[in-house]
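Enquirer: I am attaching a structure below and will ask some questions about it afterwards.
The values are calculated or read from the model by the stated rules, or taken from the named source; none is laboratory data. What you are looking at is a predicted structure, and each value in this text was computed from that prediction instead of being measured. All Cβ positions, even for glycine, are placed from backbone atoms using ideal geometry, and neighbour counts span all protein chains on display. These area figures cover heavy atoms from the full protein model, side chains too; ligands, DNA and RNA do not enter into them. Shrake-Rupley method; radii C 1.70, N 1.55, O 1.52, S 1.80 Å.
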Amino acid sequence: MNRRTTVFRMVVVLTVFVLPLPISGEWRADPLSIKLKWAEEETQVLLGGGWGYYAPAFRWTNDLRWRNNASPTQPVYYKTKWQRRIGGDWWWSLAGRYAVAPTCDFRWAEAALEKSLARPWAFRVWGAGEWRRVNSSGTLEDYDWQLIGFRLRWRPFTPIAWTGELTREEKNYPSPGKSSVKTALSNEVTFRFAPHTLYGRWAESVRVYPEDAWKNYYHRSLRLEWNWDISNNAYFEGNCGYNQQSQGSGKTSGELQITGILDYPSTREYKLSWLWSAAKTVAAEIPLTEEEEEELPAAGWRFGLRWQDLTPPYTLRVELFGQWQEGELTGGWAARLQGHHGRFRWTLGLAPRGGFYPSAEKGYWVEVKYYLD
């Protein structure tokens, strides 16, 4: 019996166990949303909505997403999820998703057991699988992907919390050279002592390609965050992150990034944020000659100013930002206006070059949501 058949039968059995629905709940509808976006000379349309049934010991949610330019990385999909309480704060859940793109479709399923309240501990163990099937010629291949994960949260005292997670995933292609196995481990610690909050995260992962050892890699990352409530109208947020990756070919690379944000003045009506960030590519564990060290790129600097007007029923955010990289100065601007009227919520975004963060959304978009409940 193959794995797809096993998972399918498990879904059927658990679905029968879920039904019939409890009579003490209520049906709720998610907001209907439409987003029109213009970016890179392409018009994008995204439609979304959903509904669910909520009871004290049972939840059933459904989500739909449609887009005009669906792709293997951003497909159209329908997702459903069942959650049932089995005693106290113990829950089990089952989720499934079917997604389609012009050249392929995806079938995804997940089953999980969870203790939800960290008093003093909580955990989640889950298994997931995804199966992609290509329906037209091209460079894509079918794959089978499975993951098993375990997450543990522990809060011995109110100010301290720790979370650890271990996952192992396997991805198989018809071409053996693409198949791989990945093991990942992460630890997070949060410590609160007014007016400060400290957060740290350390993670490691190893991906092994049995048929192509040169693709193997080891990745590790470290992130530290510090939040400081300086006064009633001043707040500071700082973080430092380091990422390093070593490949089976012997190549190693890493990046160090530091960001600081000062909100001052910050009131209920408006907020002014002073933004600063620096990132530098570094070579780790590789002996370099003096000439090679001089060729490493200098640190890249980003800086910006963000102003937010928080006066209901509108919220306006405007960013001015710049980047200094290898002696060249570039910059840009971004604006986002949000408002609501009755059951309608809308957002207007203008960000031709993104925002202060490199990962910020780029383009121009209008998004409207209508709340049925």
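Enquirer: Along the three principal axes, how long is the stretch 96-149 when you take its alpha carbons, biggest first, rounded to the nearest angstrom?
Expert: Sorted largest first, the three principal extents are 53, 16, 13 Å.
Enquirer: Pairs of lysine in the chain with Cα under 12 Å and at least 8 positions apart or on different chains: total?
Expert: Values: Lys35/Lys369; Lys37/Lys362; Lys171/Lys182; Lys178/Lys215; Lys215/Lys251.
The number of close lysine pairs in the chain is 5.
Enquirer: How much net charge surrounds Ala299 when only the other residues with a Cβ under 13 Å from the Cβ of Ala299 are counted, with Lys and Arg +1 and Asp and Glu -1? Don't skip to the answer; put the middle values down first.
Expert: Numbers: positive: Lys280, Arg302; negative: Glu255, Glu326.
My count for the surroundings of Ala299 gives 0.
Enquirer: What ³J(HN,Hα) values, in whole Hz, does the Karplus curve 6.51 cos²θ - 1.76 cosθ + 1.60 give for the stretch 253-263 when θ = phi - 60°, with x put for Gly and Pro?
Expert: Couplings: 9, x, 9, 10, 9, 10, 9, x, 9, 10, 9 Hz.
Enquirer: Taking the Cα centre as origin and putting +1 on Lys and Arg beta-carbons and -1 on Asp and Glu beta-carbons, what dipole magnitude results for the stretch 124-221, to the nearest 20 debye? Write down the numbers at each step before the final one.
Expert: Values: 15 positive and 11 negative charges, 99 e Å.
Using only the charged Cβ atoms, the result is roughly 480 debye.
Enquirer: Okay, next question. Choose one answer from Glu165, Glu114, Glu41: the residue with the largest mean-square fluctuation in a GNM of the chain with alpha-carbon springs under 10 Å.
Expert: Of Glu165, Glu114, Glu41, the Gaussian network model singles out Glu41 as fluctuating most.
Enquirer: What is the Rg over Rh value, at two decimals, for the stretch 119-273, using alpha-carbon atoms and the Kirkwood definition of Rh? Each step should come with its number before you reach the end.
Expert: On the way: Rg = 21.1 Å, Rh = 19.0 Å.
Result for the stretch 119-273 is an Rg/Rh of 1.11.
Enquirer: What part of the accessible area of the chain, given as a whole %, is carbon or sulfur when the probe is 1.4 angstrom? Before the final figure, lay out the partial values.
Expert: Working: 13280 of 22380 Å².
Carbon and sulfur atoms account for 59 percent of the accessible area of the chain.
Enquirer: To continue, here is another question. In terms of the Cα gyration tensor, with a ≥ b ≥ c the square roots of its eigenvalues, is the chain rounded because a/c is under 1.5, prolate because a/b exceeds b/c, or oblate? Display every interim value, and only then the final one.
Expert: Working: a/c = 1.39, a/b = 1.14, b/c = 1.23.
Rounded, since a/c falls under 1.5.
Enquirer: Given charges of +1 on the Cβ of Lys and Arg and -1 on the Cβ of Asp and Glu, with all other atoms neutral, how large is the dipole of the stretch 34-123 about its Cα centre, in debye to the nearest 20?
Expert: Values: 13 positive and 8 negative charges, 89 e Å.
Approximately 420 debye in magnitude.
Enquirer: Still on this structure, please answer the following. Distance in nm between label sites at Ala299 and Glu165, each 7 Å beyond Cα in the beta-carbon direction?
Expert: So the label points at Ala299 and Glu165 sit 3.0 nm apart.
Enquirer: Taking just the C-alpha trace of the stretch 122-167, give me its Rg and Dmax in Å.
Expert: When restricted to the Cα atoms of the stretch 122-167, Rg and Dmax are 18.2, 57 Å.
Enquirer: Throw me the Rg/Rh for the stretch 315-355, computed over C-alpha atoms with Kirkwood Rh, two decimals.
Expert: Details: Rg = 14.5 Å, Rh = 11.9 Å.
Expressed as Rg/Rh, it is 1.22.
Enquirer: Would you mind classifying the stretch 45-191 by shape? Square roots of the alpha carbon gyration tensor eigenvalues, ordered a ≥ b ≥ c; an a/c under 1.5 is rounded, otherwise it is prolate if a/b is larger than b/c and oblate if not. Display every interim value, and only then the final one.
Expert: Numbers: a/c = 2.42, a/b = 1.48, b/c = 1.63.
Since a/c reaches 1.5 but b/c is at least a/b, the shape of the stretch 45-191 is classed as oblate.
Enquirer: With each pseudo-label sitting 7 Å past Cα toward Cβ, what's the Asp309-Ala213 distance in nm, one decimal?
Expert: Rounded to a tenth, the inter-label distance reads 6.4 nm.
Enquirer: Which residues' amide hydrogens lie under 5 Å from the amide hydrogen of Asp30, considering only partners 5 or more residues apart or on another chain, with H built in the peptide plane?
Expert: Residues meeting the criterion, in which the H sits 1.01 Å from N, are Gly50, Trp51, Gly52.
Enquirer: Could you provide, to the nearest whole Å², the per residue accessible area of the stretch 170-211 with probe 1.4 Å? Numbers along the way, then the final one.
Expert: Working: 2350 Å² over 42 residues.
Accessible surface, normalised per residue, equals 56 Å².
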